[in-house]
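The values are calculated or read from the model by the stated rules, or taken from the named source; none is laboratory data. Nothing here was measured: the structure is a model prediction, and the numbers come from that model. As a convention, Cβ positions derive from the backbone with ideal geometry for all residues, glycine included, and neighbour counts pool all protein chains shown.
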Amino acid sequence: MLITGIKSRPVYDELTPMATGLSHVAAAQGSGGGVLVRLLGEMTPEQLATTTVLYSTESFTGKNHLADLQAFPVRELLVFPSNTEAVRGLDAFLLTAEMGTRLYLSGSEGFIGTSMQVATSYGMNTDEVLREHAGSFVRRVWCAHCSHYSENVTRRVFRCPGCERDLVVRDHYSRRLAAFQGVKADGEVPGELPDDEELDT
Amino acid sequence: MTAIPRTTDFTADETYTPEGEYRFQNSREAVRRLPFPFPDDEYMYSMNLEPHVAAGTGALRAAFDIDEHYVSECAHRDQMLRDMPGVHYLALPHMMEAQWDMLELIFESYSRDFPEHFTLTKNGNEWRWQNRLLGIDDSFTFGDPATLPLDPMEYSTRQAQGEFVVLEEKDNTLVIGAGMTTQRADYSLQFNLGMNFAEFHGPVPKLDTMGILDRALKFLLRMKPGHPVRRVNWSLTVNPRLETSVETLPDWAPDRAKVTPENAGEMVYLRIELQPLHRLPRSNAIVFPVRTYLVSLAELVAHAPDWAKRLHRALASLDPELVDYKGFHRYHGAAVEWLAKYDDGAPLATGYPWIEDGIQPGPDSVD
């Protein structure tokens, strides 16, 4: 569970079957697959038969839960080689989804955040979505100066691939951009960088 | 609120950018009418919300204050919007009703409080707006965006001093739905758009543990149309630069390292924020305006010596965590050292300058 003092960071849930759902879509990435295994195990046969699973095998930590997921008699299991493609797959699914659809998301914060951007664009409310963080604490970071998005950032200070500036990652998260904020680390005096550290929360 | 006609000379030939060489200064009158934000020698956050009623003859006389910098600030806003489209003005699609609310509030306030400069004539929904300071005379249909050259909020706030953030009420909190923020102090509108009250205050230290945030939110949610409230806030900044957004930090942050105890009087500016909040009648949104005033330490000493002494004491005793958060860690010492020369330690009045017996600017040491 991700518990930090970062006020703007979403508070994540624990995935559990939503009884009010008429149709379910569960999307996960990497370690999030393990969370889906637990979720599917808690579902009734009726719920499983109305569940579509989207799974991206892209993983920062190398975890792959595909074999376990294949054991469940779900309506449909769609596998994607990358998180970007899985999010696109979710977009395509929601395009034709009907009222009463419930969404479950699990994986890295960047995956959950970009999936939420898609869900929000279809007007899904927070009471129709559950999110559970899984895996590493890598962050998705938006560069305030060139608007480049960097995935899987692990250090407090890193070089922006978009503008080549050294950025410091602020503990401030935007759901709209699904990213943390990166700003020039040596803004006041060139070369005078703040302390680097692993982003372990 | 009655309008008192007064003669203000508007300084059109002013700039707030390095390209324009920061051609900016305050007249003596402009300094002495400031909403000076230090009621005590020691400063700490407080729930300093009060009813926004007319007070005194200075910045709190009108619902939305304008001063001698009006024309140059509007020109600066236009320049910033052209330089970085999509960065300083943003509105979520469902905010159109609040946009009309904003236009109405600004235009009605200006025309009531400054009839010598602004006239709003209504004939049903057919409105005519005359802004003599900017040479604008437009007619449009209230509620019909097609009759205006720009979004109602962009159109009206391009003709207003200060910035405007519109908060919509949702799930018992306030969410940023739109903003005209060409004068941002180290935050990003693109990033903060859509955040709720707790989220966008996230980076501010101490607020949460002091319980101020919860109380402020509860207070704001009870606001009614026609009963605005206000608070003042402040920071320090280097040079008379209005646009200090996160996006352009690489351009302005190096100036912080150039301040010395010798040049602090000219380089360091007190940035005063007057925030008169209004509940909007149709949309039920709340507008959070930030009217920013810049005054150099040297201008304070010259025109408002008692305020300079007060600022010295408040800065000298400021909580280090606030020094860091407000971003002047690097030159805090230089500013205090420079101001110390002008503080004789004499006791000063307590309270904001616009209340009875509050701290006044003091005798004019120039002339």
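Here is how the numbers come out for the structure above:
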quantity: Members of segment B:175-200 found to be more than 14 Å from chain A (Cβ to nearest Cβ) and closer than 22 Å to B:Arg282 by Cα, listed by number; calculated: B:Met180
quantity: Tabulated pairs, segment B:170-189, first farther than 22 Å from B:Pro240 by Cα, second hydroxyl-bearing (Ser, Thr, Tyr) and surrounded by fewer than 20 Cβ atoms within 10 Å (Cβ to Cβ), C-beta under 9 angstrom, 6+ apart or interchain; calculated: B:Asp171/A:Thr126
quantity: Residue check, A:Ser150 within 10 Å of another protein chain (Cβ to nearest Cβ), in contact with a strand residue (DSSP E or B) (Cβ under 8 Å, 6 or more places away or on another chain) and either among the small types (Gly, Ala, Ser) or more than 27 Å from A:Met116 (Cβ to Cβ) (or both); calculated: no
quantity: Of the criteria (1) surrounded by fewer than 22 Cβ atoms within 10 Å (Cβ to Cβ); (2) of a type in the set (D, E, K, R); (3) not in a helix (DSSP H, G or I), which one B:Asp255 fails; calculated: (3)
quantity: Qualifying residue in segment A:49-67 (condition: hydrophobic (A, V, I, L, M, F, W, C), touching a helix residue (DSSP H, G or I) at 6+ places or on another chain (Cβ under 8 Å), surrounded by fewer than 17 Cβ atoms within 10 Å (Cβ to Cβ) and in contact (Cβ under 8 Å) with a residue 12 or more places away in the chain); calculated: yes
quantity: Condition check for A:Glu128: within 14 Å of chain B (Cβ to nearest Cβ) and either under 19 Å from A:Pro194 (Cα atoms) or out of contact with any Asp or Glu (no Cβ under 9 Å at 6 or more places or on another chain) (or both); calculated: no
quantity: B:Ala146 within 14 Å of chain A (Cβ to nearest Cβ), surrounded by fewer than 22 Cβ atoms within 10 Å (Cβ to Cβ) and either in a helix (DSSP H, G or I) or basic (Lys, Arg) (or both); calculated: no
quantity: Single match in B:Leu277, B:Leu294, B:Leu318, B:Leu242 (criterion: within 23 Å of the chain's Cα centre (by Cα), within 30 Å of B:Ala98 (Cα to Cα), more than 14 Å from chain A (Cβ to nearest Cβ) and part of a loop (DSSP other than H, G, I, E, B)); calculated: B:Leu242
quantity: Matching helices (runs of 4 or more DSSP H) fully within segment B:164-235 where at least 1 residues are surrounded by fewer than 19 Cβ atoms within 10 Å (Cβ to Cβ) and out of contact with any Leu (no Cβ under 9 Å at 6 or more places or on another chain); calculated: B:212-221
quantity: Helices (runs of 4 or more DSSP H) wholly inside segment A:1-91 containing at least 2 residues that are at pLDDT 95 or above and in contact with a Ser or Thr (Cβ under 9 Å, 6 or more places away or on another chain); calculated: A:32-41
quantity: Segment A:178-191, residues that are aliphatic (A, V, I, L, M), outside any strand (DSSP E or B) and within 9 Å of chain B (Cβ to nearest Cβ); calculated: A:Val189
quantity: Only one of B:Pro203, B:Pro250 that is without any contact (Cβ under 8 Å) to a residue 12 or more places away in the chain and within 11 Å of chain A (Cβ to nearest Cβ); calculated: B:Pro250
quantity: Residue within segment B:43-57 that is in a loop (DSSP other than H, G, I, E, B), of a type in the set (Gly, Ala, Ser) and surrounded by 17 or more Cβ atoms within 10 Å (Cβ to Cβ) present; calculated: yes
quantity: Residue among A:Arg155, A:Arg159, A:Arg140, A:Arg175 that is surrounded by fewer than 19 Cβ atoms within 10 Å (Cβ to Cβ), more than 11 Å from chain B (Cβ to nearest Cβ), of a type in the set (Lys, Arg) and under 25 Å from A:Gly30 (Cα atoms); calculated: A:Arg155
quantity: Some residue of segment B:84-91 being out of contact with any helix residue (DSSP H, G or I) (no Cβ under 8 Å at 6 or more places or on another chain) and farther than 20 Å from B:Leu280 by Cα; calculated: yes
quantity: Qualifying residue in segment B:327-338 (condition: surrounded by 15 or more Cβ atoms within 10 Å (Cβ to Cβ) and in contact with a Phe, Trp or Tyr (Cβ under 8 Å, 6 or more places away or on another chain)); calculated: yes
quantity: Which listed residue is in a strand (DSSP E or B) and either aliphatic (A, V, I, L, M) or over 14 Å from the mean Cα position of the chain (by Cα) (or both), from A:Leu94, A:Leu103; calculated: A:Leu103
